[in-house]
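Structure, as structure tokens:
Every read-out reported here was derived from the displayed coordinates using simple, explicitly stated rules and does not represent laboratory data. Small disclaimer: the values here were computed from a predicted structure and weren't measured. Methodologically, a virtual Cβ is constructed for each residue, glycine included, from the backbone with ideal geometry; neighbour enumeration extends over all protein chains shown.
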Amino acid sequence: MDDLYKEQILDHYKNPRQKGQIEPSDYSFEDENPLCGDFLHIDLKVDEKGVITDAKFEGHGCAISMASADLLLESLLGKTIEETKKLSKEDILDMLGIELSPVRLKCALLSLKVTKAAAYELKEADDNLME
């Protein structure tokens, strides 16, 4: 089963579905993982009911970081901003489906941190957003 998830991660890394920018976006945020240099910028487009109609990312980093961003943003389409605020690190880990070391965990959770910071319209992201 691990191999299936590894293939999925590589596919989303090599062929991201949600890569790009939204101009203008309704919610936007960017941050980096200073430990490894991964960088992520996320844009969200939301309709009048608070439903995410488009989600895009730009950035650079390892396969785990970029695949995590693509999987997360793909899962957000059709969800509300309020539902997005309730996402947890377990949700990300379930999407990835593999065991991660503590260092790789930070890579995987960067997309959650940036997405939640955008949803809360924060000026600065806090690591507590990844819980």
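For GLU30, the requirement of being crowded, with 16+ Cβ neighbours inside 10 Å and within 16 Å of GLU121 (Cα to Cα) is met. The number of residues in segment 62-90 that are surrounded by 14 or more Cβ atoms within 10 Å (Cβ to Cβ), out of contact with any His (no Cβ under 9 Å at 6 or more places or on another chain) and part of a helix (DSSP H, G or I) comes to 10.
Annotation note: Cβ proximity below 7 Å between a residue of segment 60-76 that is over 13 Å from HIS41 (Cβ atoms) and a residue that is among the polar types (S, T, N, Q) (sequence gap 6+ or interchain) occurs for SER68/SER111; ASP70/GLN18; LEU72/SER111; LEU72/THR115; GLU74/GLN18; LEU76/THR84.
Could we say that PHE29 is aromatic (Phe, Trp, Tyr) and in contact (Cβ under 8 Å) with a residue 60 or more places away in the chain here? Yes, satisfied.
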